[in-house]
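A.B. asks: Supplied in C-alpha cells, the structure appears directly below.
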Amino acid sequence: MKRIQRSIATLSVALTLGMSGLAYGQELVVYSARIENLIKPVFDLYTAETGVKVKYLTDQEPVLLQRIKAEGDNTPADLLLTVDAGNLWHAAKEGVLHPVDSEVLTKNIPEHLRDPDQRWFGLSVRARTLVYSAQRVKPADLSTYEELAEPKWKGRLALRSSKKVYNQSLVAMLIKEHGEAKAAEIVGGWVRNLAAQPFADDTKTMEAVVAGIADVAIVNTYYFGRLVKKDPAVPLAVFWPNQSSSGVHVNVSGAGVVAASKNKKAAIAFLEWLSTEKVQKIFAEANLEYPANPSVPAHPIVAAWGPFKQNRINVSNAGEFQAVAIQLMDRMGYK
Ligand code: FE
C-alpha cells in the first residue's frame, strides 16, 4: 500500500510538471515498468516531432496493473508499457488493455511477438540464451536448453532464481513445446546440474561463470551486453541453442493501449510510431536489446553475437502456461 501511495505522489508531481510545459495540445500518459532511462529519450523525441506531451509513471508491473484496475474508468493511463510477455498476457487477461486493429503494427511487429487478440505488441526482443566460459567450454559442447539437463553438466550450470518471470516464461515455453512431463524432466535435470543455489539476477549468474563456480548460464542477452560494455575482455561468450530444433527462447518488452483511456486514437498513433524503424533502433539500443521490427539492425555490440533462429511459438504462451510453470519449478526443487 505504501508503495502505491508513493506512486500516486510521483504521478501527481509528474502531472504537475507536465502541465507547466504545453498548456495546449494533446497529452498521453504512459504507465511503464520499463525504467525512466530507457523510455525518456524516446518519449522526448515524440514530443519534439509531434508536439504531443508524454507523461509517465514508472513502477513495478504488478503495482501498475493493480493501479490501473483500482482507477477503473478514472485512470489517466493511456498506455501500459512493460517487460515480459507473461506480464503483458496478465494485463490483457485482467481486461485492462484495448484491442488495436492496426495495419502498421501488424506489418512492423512479427506475429509471434504480439498478442493474437491484438491487445499488446512486442517493442523489443530479449533472447534468453546460453552464456558460457570461453576458457572451459567449447561451443561444440553446447547444443540445446534440453541438453543442459544431461549428467555431463553436473555441477556446471548457473541459473537465476525461479521467482523471476523470465525463467517462468522460459519454462512455460518448454511446457508448451514438450508437454509438462518432459518439461519437468528437463527442469529436474537443470536442478541436479546446478553449480550453486540460483542467483538473484542475471548478472550475478554470469559472474559465477567468470569466477569459475559454473561453466554455463542461461541469461538474457542484454545483461551480457552490459558486461561486455563494461569489460570487452570478459571471458564469456554467447551460444545460440536449439538452432536445428525450436530456436532460441525470446521474450519481449511491449505495450498496449489501456481500455479506459480517453485518448485511444492518440495512444494508437503513439504505439504505431514506436514500431517504426527509426524509433525501434533507439528503443532497443537503450537496453542493448533486439528491435522487434525485423527490418531494423541491432546495435553493433549485439550484432556481434551473430544471427540466430528465434523460437516462433507465440510469446503469449509464456502467460498461458505461467502458473503451471511456477508449480512445476517448485515441484522439481528449482528455488
Ligand atoms: Fe531485465
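The values are calculated or read from the model by the stated rules, or taken from the named source; none is laboratory data. Quick caveat, the model's predicted, so the values are computed rather than measured. Positions of Cβ are backbone-derived with ideal geometry, glycine not excepted, and every protein chain shown enters the neighbour counts. The area values use the complete protein model at the heavy-atom level, side chains included, leaving out ligands, DNA and RNA. Shrake-Rupley method; radii C 1.70, N 1.55, O 1.52, S 1.80 Å.
A.B. asks: Specify which of the listed residues (ASP201, ASP231) is of a type outside the set (Phe, Trp, Tyr) and free of Cβ contacts under 8 Å to residues at least 12 places away in the same chain.
C.D. replies: ASP231
A.B. asks: Residues of segment 122-157 being among the hydrophobic types (A, V, I, L, M, F, W, C) and either in contact (Cβ under 8 Å) with a residue 60 or more places away in the chain or open to solvent by 50 Å² or more (accessible area, probe 1.4 Å) (or both), which ones? Don't jump to the end; show me each part of the working.
C.D. replies: First pass over segment 122-157, keeping only residues among the hydrophobic types (A, V, I, L, M, F, W, C): 123, 125, 127, 130-131, 134, 137, 140, 142, 148-149, 153, 157.
Within segment 122-157, LEU123, VAL125, ALA127, LEU130, VAL131, ALA134, VAL137, ALA140, LEU142, LEU148, TRP153, LEU157 qualify.
A.B. asks: It is to be established whether one or more residues within segment 269-277 are free of Cβ contacts under 8 Å to residues at least 60 places away in the same chain, more than 15 Å from the ligand (Cβ to nearest atom), open to solvent by 10 Å² or more (accessible area, probe 1.4 Å) and of a type in the set (Ser, Thr, Tyr).
C.D. replies: There is no residue in segment 269-277 that is free of Cβ contacts under 8 Å to residues at least 60 places away in the same chain, more than 15 Å from the ligand (Cβ to nearest atom), open to solvent by 10 Å² or more (accessible area, probe 1.4 Å) and of a type in the set (Ser, Thr, Tyr).
A.B. asks: If you don't mind, there's one more thing I want to ask. As an exercise: evaluate ILE175 against (1) outside any helix (DSSP H, G or I); (2) closer than 21 Å to ALA323 by Cα and give the number of the one condition it does not meet.
C.D. replies: In the conditions (1) outside any helix (DSSP H, G or I); (2) closer than 21 Å to ALA323 by Cα, ILE175 misses (1) alone.
A.B. asks: State which residue is most open to solvent (accessible area, probe 1.4 Å) when the search covers only segment 186-227 and only residues that are within 16 Å of the ligand (Cβ to nearest atom) and among the β-branched types (Val, Ile, Thr).
C.D. replies: Among them, the one singled out is THR203.
A.B. asks: Considering only residues that are part of a loop (DSSP other than H, G, I, E, B) and within 28 Å of the chain's Cα centre (by Cα), look in segment 1-53 and name the one that is modelled with the lowest pLDDT.
C.D. replies: Of everything passing the filter in segment 1-53, MET1 is modelled with the lowest pLDDT.
A.B. asks: State the number of residues belonging to segment 42-90 that are open to solvent by 30 Å² or more (accessible area, probe 1.4 Å), farther than 16 Å from ALA267 by Cβ and among the basic types (Lys, Arg).
C.D. replies: Counting residues in segment 42-90 that are open to solvent by 30 Å² or more (accessible area, probe 1.4 Å), farther than 16 Å from ALA267 by Cβ and among the basic types (Lys, Arg) gives 1.
A.B. asks: Does segment 248-262 contain any residue that is open to solvent by 40 Å² or more (accessible area, probe 1.4 Å), within 16 Å of the ligand (Cβ to nearest atom) and farther than 29 Å from ILE313 by Cα?
C.D. replies: no
A.B. asks: Pull out all pairs, ordered by first then second residue, where Cβ-Cβ is under 6 Å, the residues are six or more apart or on different chains, the first lies in segment 81-106 and is on the phi > 0 side of the Ramachandran plot, and the second is open to solvent by less than 40 Å² (accessible area, probe 1.4 Å) and β-branched (Val, Ile, Thr).
C.D. replies: Once the first residue is on the phi > 0 side of the Ramachandran plot and sits in segment 81-106, its partners that are open to solvent by less than 40 Å² (accessible area, probe 1.4 Å) and β-branched (Val, Ile, Thr) give ASP84/VAL165.
A.B. asks: Just the residues that are within 20 Å of SER124 (Cβ to Cβ) and surrounded by 17 or more Cβ atoms within 10 Å (Cβ to Cβ), please, taken from segment 228-247.
C.D. replies: Going through segment 228-247, the residues within 20 Å of SER124 (Cβ to Cβ) turn out to be 228-229, 238, 240, 247.
Hits for segment 228-247 are VAL228, VAL238, TRP240, GLY247.
A.B. asks: I need the full set of residues from segment 98-130 which are more than 18 Å from the chain's Cα centre (by Cα) and not in a helix (DSSP H, G or I), in order please.
C.D. replies: The answer is HIS98, PRO99, VAL100, ASP101, SER102, ASP117.
A.B. asks: If only one of ALA181, ALA158 is away from the ligand (no atom under 16 Å from the Cβ), over 24 Å from the mean Cα position of the chain (by Cα) and modelled with pLDDT of 95 or more, which one is it?
C.D. replies: Testing whether each residue is away from the ligand (no atom under 16 Å from the Cβ), over 24 Å from the mean Cα position of the chain (by Cα) and modelled with pLDDT of 95 or more leaves just ALA181.
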